[in-house]
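In what follows, a single structure is set out as C-alpha cells and then discussed.
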Amino acid sequence: MAESLVLIEHDRQQVKRPSLHAITLARQLGGEYALLVLGHGLDGIAASLVSYGASAVVVADDPGLAEPLADRYATVIAEAAQERGATTLLGTSSTFSKDILPRAAALLDAPMVTDVVAIEKMNGSISYRRPINAGSMFATVKVEGDRRILTVRATAFEPPAANAAPCAIKRFDFDAASLPNGMQFISREERKSDRPELTEARVVVSGGRPLKDKETFERLVGGLADALGGAIGATRAAVDAGMAPNDYQIGQTGKIVAPELYIALGISGAIQHLAGIKDSRVIVAINKDPDAPIFQMATYALVGDLYRIVPQLIESIRRA
Amino acid sequence: MKILVPFKSVADPNNAIVAGAAVSTPKSVINPFDEIAIEEALRIRERGQATESVGVTIGPPAVDEQIRAALAMGVDHAIRIDDSRALDPYAVARILGAVVKREAPYVVIMGKQAVDDDSNQVGQMLAGLLGWPQATFVSKVEFLDDKRRARCTRETDAGLEVVEVNLPAIITADLRLNEPRYVSLPGLIKARRKPIEVLTCDQLGVTVRPLTTVLSIARPPKRAAGTRVESVEELITKLKQEAKVL
C-alpha cells in the first residue's frame with residue numbers, strides 16, 4: 001500500500017502548528033498516511049496527534065534523539081520510511097525539515113522537491129508546483145522513482161481538521177546504539193516573547209530601514225503589533241542594521257508568512273521581501289515614497305511619514 | 001588541510017529584479033550564498049587554519065567567468081565539472097560526493113541555497129551521501145581541538161543554535177556568516193594565471209541522471225493593485241468595514 005509519512009515538528013512541549021499543514025498535502029495525494037515524530041519524552045505530543053486521520057502516529061522516542069541533530073534524525077527517518085514502505089516522505093518547510101529531510105533523501109537515494117505550494121494530478125502521475133527565484137516564478141516539476149521527499153509551504157495549505165477517530169500510537173524501534181555520533185548539540189538561544197509566533201500570527205507588523213534603530217523599531221513596529229495582538233517581522237535591511245533579531249527576517253532567505261493582515265512600515269518592497277508576504281490576505285503599506293514597489297501589491301496604501309502616522313494608528317486602535 | 005568550496009553560477013538576482021525577468025537575464029554571477037562560503041574559506045586559510053582552498057562548480061565553459069571571479073577573490077585552485085545538463089540537487093550532490101572523495105578536504109563550505117532554484121538541498125544531501133556531520137544555515141564557525149571539530153552557530157526559525165561537528169563535515173553558509181570581499185585588480189590579474197582543472201563525470205567515475213524535471217515555468221498571478229487611502233481614519237474604516245480584519 002502506497003503510504004505517505006509526514007514528519008511532525010515540535011518544541012518538546014507541543015507540536016509546531018505549521019508542521020501540521022503537510023498533513024493537508026498528504027490527504028490531497030491520496031492513500032494512507034502516517035505521522036512521524038522524533039524526540040524524547042513524547043507521550044503528550046504523540047497523544048495530541050491521534051485525531052488527524054492518520055493510519056498511525058509513529059513515535060521514535062529515545063534520549064539520543066532529545067535534540068534534532070540532522071545525522072541522527074535523518075538516519076531514523078530514512079529507516080522508518082523504508083520499514084513502512086512509504087512512497088512519499090513529507091514535512092512542512094522550516095529550518096528543521098530543510099536541515100534534515102534532504103539528508104534523509106540522500107540516505108533513501110530519492111529525489112526531493114522543496115517548498116511545494118500545489119500539486120496537479122494528471123493520468124495517474126503527480127506534478128508539484130513550487131516557487132523559484134525568490135517567488136518571482138513558479139516551476140512545475142515531476143519526479144521519477146519509487147519514492148520522493150517533499151517539503152510544503154505551510155501558507156499554501158490549510159491546517160487539517162482533527163476530528164477523526166483516534167488512531168494507534170506505534171513505537172518505532174531502531175538501534176539507538178548505532179546512531180551517528182558526529183554532531184553535538186551545545187545550546188539554543190531561548191528568547192521569551194509574549195507576542196505570537198511569526199509564522200502563525202493572524203496579524204504581522206513589519207519594519208524596514210527607515211525605523212532607524214532598535215528603540216524606534218520596538219516603539220513603532222512593536223507598539224502597533226501589540227495594539228493588534230500581532231507578531232513582529234523585519235526586512236533584511238532592518239535586521240542587518242541591528243533593529244531586530246535574525247529570525248524576524250521575512251522573505252526569500254527568512255520566513256514566509258501569510259497572515260490575515262500584514263502591515264509594512266517603511267518597507268520599499270524588494271522582491272526578496274515580497275516573496276515572503278505575497279500570500280497575506282490584506283497588505284497595508286505605509287511609506288513616504290509614493291513610488292515604493294510595495295504599493296503595487298498593497299491592498300491599502302498610505303503615503304506619509306511613519307513617525308506621525310504610526311502613533312496615530314496605535315492610538316486609534318487602542319481607543320476602538 | 002584543504003577546504004573545498006562548491007559554488008553555482010546563477011543569473012544575477014539584482015539584475016533580475018530590475019529587469020523583472022528573473023530567469024532570462026543574461027548576466028551570471030556566483031550564487032550570493034556561495035560567495036559568502038568562498039569568503040569564509042579564504043578567511044580560514046588566511047588565519048592559517050587551512051593550506052589550500054579549492055573551488056568547484058559544474059557547468060559548460062561559460063561558467064569559467066564565475067570561476068575566474070572565485071579565483072580573483074583568492075581561491076587557490078578551481079575545478080569545473082564539464083556537464084551542461086539541467087541537473088537536480090541530488091545529481092549535483094552525487095557529483096560533488098565524487099569530487100570530495102578525490103580532493104579529500106577536511107571541511108566543505110557552501111551556500112545554504114542557490115537563489116535561482118531556492119531548493120536548499122545540496123549540502124545536506126552531500127553530507128548524507130558521505131556520512132559526514134553537517135552544520136546548516138551557519139552564521140559563525142570556529143575550529144576547535146586542532147581542527148578536529150568545528151563549533152557552528154546556526155540560524156534557525158526559533159533563533160540561534162550552537163552545534164559542534166566532528167571534521168570532516170559539511171557547513172552551509174547563511175546570509176550573516178560574513179561580508180564577501182570585493183575583487184581587487186591584482187586579484188584579477190593573478191586569477192588569470194591560476195589553473196582551472198576540467199573534469200567529466202566519467203573521469204570522476206560517477207554516473208548521474210536527474211530524477212527531477214521542470215515541466216514548465218510561469219509567473220504567479222499578480223495581486224490586484226489596491227486602494228490608496230489618505231488618512232489613518234480612512235485606513236481604519238477600510239480595515240474594519242471593507243476588509244473586516246479589525
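Residue check: is B:Gly48 more than 30 Å from A:Thr140 (Cβ to Cβ), more than 14 Å from chain A (Cβ to nearest Cβ) and at pLDDT below 95?
Judged against the criteria, B:Gly48 is a match.
Looking at the range A:288-320, which of its residues are in contact (Cβ under 8 Å) with a residue 60 or more places away in the chain and within 16 Å of A:Ser206 (Cα to Cα)? Once the filter is applied, which keeps residues that are in contact (Cβ under 8 Å) with a residue 60 or more places away in the chain and within 16 Å of A:Ser206 (Cα to Cα), the range A:288-320 yields A:Lys288, A:Leu306, A:Tyr307, A:Val310, A:Pro311, A:Leu313, A:Ile314. One residue is enough: does the range A:128-147 have a residue meeting the conditions away from chain B (no Cβ under 11 Å) and surrounded by 13 or more Cβ atoms within 10 Å (Cβ to Cβ)? The answer is no, given that none of the residues of the range A:128-147 is away from chain B (no Cβ under 11 Å) and surrounded by 13 or more Cβ atoms within 10 Å (Cβ to Cβ).
With respect to the conditions (1) touching a strand residue (DSSP E or B) at 6+ places or on another chain (Cβ under 6 Å); (2) at pLDDT below 95; (3) not in a loop (DSSP other than H, G, I, E, B), B:Lys238 falls short on a single one, namely (2). Entry remark, the range A:279-306: residues being surrounded by 22 or more Cβ atoms within 10 Å (Cβ to Cβ), in contact with a helix residue (DSSP H, G or I) (Cβ under 9 Å, 6 or more places away or on another chain), at the interface with another protein chain (Cβ under 8 Å from one of its Cβ atoms) and part of a loop (DSSP other than H, G, I, E, B) number 1 in total.
With respect to the stated conditions, B:Met110 is among the aliphatic types (A, V, I, L, M), touching a Gly at 6+ places or on another chain (Cβ under 7 Å) and modelled with pLDDT of 95 or more.
Please find, within the range A:68-100, the residue that is nearest to the chain's Cα centre (by Cα) out of those that are touching a residue at least 40 places away in the same chain (Cβ under 8 Å) and facing chain B (nearest Cβ under 8 Å). Checked the range A:68-100; the qualifying residue nearest to the chain's Cα centre (by Cα) is A:Ser94. Scanning the range A:240-250 for residues that are at the interface with another protein chain (Cβ under 10 Å from one of its Cβ atoms) and within 11 Å of A:Leu211 (Cα to Cα) yields a total of 0. Exactly one residue out of B:Ala218, B:Ala243, B:Ala225 is facing chain A (nearest Cβ under 7 Å), over 29 Å from B:Ala41 (Cα atoms), surrounded by 12 or more Cβ atoms within 10 Å (Cβ to Cβ) and out of contact with any helix residue (DSSP H, G or I) (no Cβ under 7 Å at 6 or more places or on another chain), and it is B:Ala243. Flag set for B:Gly97, criterion: modelled with pLDDT of 95 or more and either under 18 Å from A:Ala134 (Cα atoms) or not acidic (Asp, Glu) (or both). The single condition from (1) in contact with a Lys or Arg (Cβ under 7 Å, 6 or more places away or on another chain); (2) surrounded by fewer than 19 Cβ atoms within 10 Å (Cβ to Cβ) that A:Ala231 fails is (2).
Within the range B:180-208, take every residue that is assigned to a loop (DSSP other than H, G, I, E, B), under 27 Å from A:Asp71 (Cβ atoms) and touching a residue at least 24 places away in the same chain (Cβ under 8 Å) and give me the one that is farthest from the other protein chains (Cβ to nearest Cβ).
B:Gly205
Once the range A:148-179 is narrowed to residues that are acidic (Asp, Glu) and either over 24 Å from the mean Cα position of the chain (by Cα) or not in a loop (DSSP other than H, G, I, E, B) (or both), the residue that is farthest from the other protein chains (Cβ to nearest Cβ) is A:Asp173. Looking across the range B:132-179, the residues that are more than 10 Å from every other protein chain (Cβ to nearest Cβ), in a strand (DSSP E or B) and touching a residue at least 24 places away in the same chain (Cβ under 8 Å) come down to B:Val138, B:Lys140, B:Val141, B:Phe143, B:Ala150, B:Ile171, B:Ala173.
Pull up the range A:148-180, narrow it to residues that are surrounded by 17 or more Cβ atoms within 10 Å (Cβ to Cβ) and basic (Lys, Arg), then point me to the one that is farthest from B:Asn120 (Cα to Cα). Among residues in the range A:148-180 that are surrounded by 17 or more Cβ atoms within 10 Å (Cβ to Cβ) and basic (Lys, Arg), the one farthest from B:Asn120 (Cα to Cα) is A:Arg148.
The values are calculated or read from the model by the stated rules, or taken from the named source; none is laboratory data. This structure is a prediction, so every number in the text was calculated from the model and none was measured. Virtual Cβ from ideal backbone geometry, glycine too; neighbours counted across all protein chains shown.
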